[in-house]
């Protein structure tokens, strides 16, 4: 059976078949590089999961690792990849969402440091769970550290406070 019979009437070049196989192999490599918690969220059957876990234990500089990735690619070619790709996409979206929230909090912290009381009022309107006194105290501490040319410990503390309190509101 040749490649043309696999794809029915449409002609698929060997180059295209190799490119698709390479993409599936890259998908397998993404699975191998995931952490335990993230991998647990991806819907994999036992055979693929075992192959991925085995690849994680193989030294990446050895040929066995490369061959294991090829084997994972072979296993994945025989399966419907939509659920796996959707699972990876959800993980990526979650990561991007967390990064966006992180940047939002950094901007809020910087605005509070730059504008002081005016920004505190706006922030309290947006996040009513924050304490005005705590914000003012941290801003005074930040100002003091700047004048004494100390590391920005209070700025980090402000960020952590914003992070913990704004996540409670959500």
| query | Which one of these is modelled with pLDDT of 90 or more and surrounded by fewer than 16 Cβ atoms within 10 Å (Cβ to Cβ): 133, 167, 147? | reply | 133
| note | From the option list 58, 72, 42, single residue qualifying as assigned by TED's automatic domain parsing to the domain that holds residue 23 and under 19 Å from residue 17 (Cα atoms) is 72
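Checking the condition over 30 Å from residue 57 (Cβ atoms) and at pLDDT 85 or above, which residue from 26, 18, 30, 14 passes? Step through it out loud before you land on a result.
Working: 26 fails: over 30 Å from residue 57 (Cβ atoms); 18 fails: over 30 Å from residue 57 (Cβ atoms); 30 fails: over 30 Å from residue 57 (Cβ atoms).
Criteria check complete, one pass: 14.
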| Complete set of residues in segment 97-115 that are without any contact (Cβ under 8 Å) to a residue 24 or more places away in the chain and more than 16 Å from residue 166 (Cα to Cα) | 114, 115
| request: Take the residues in segment 69-92 that are closer than 15 Å to residue 34 by Cβ and free of Cβ contacts under 8 Å to residues at least 24 places away in the same chain, then tell me which one is farthest from the chain's Cα centre (by Cα). | output: 86
| said: Just to be sure I understand, how many residues within segment 74-99 are surrounded by fewer than 14 Cβ atoms within 10 Å (Cβ to Cβ) and more than 12 Å from residue 28 (Cα to Cα)? | reply: 15
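The values are calculated or read from the model by the stated rules, or taken from the named source; none is laboratory data. Since the structure is predicted, the reported quantities are computational estimates derived from the model, not experimental observations. As a convention, Cβ positions derive from the backbone with ideal geometry for all residues, glycine included, and neighbour counts pool all protein chains shown.
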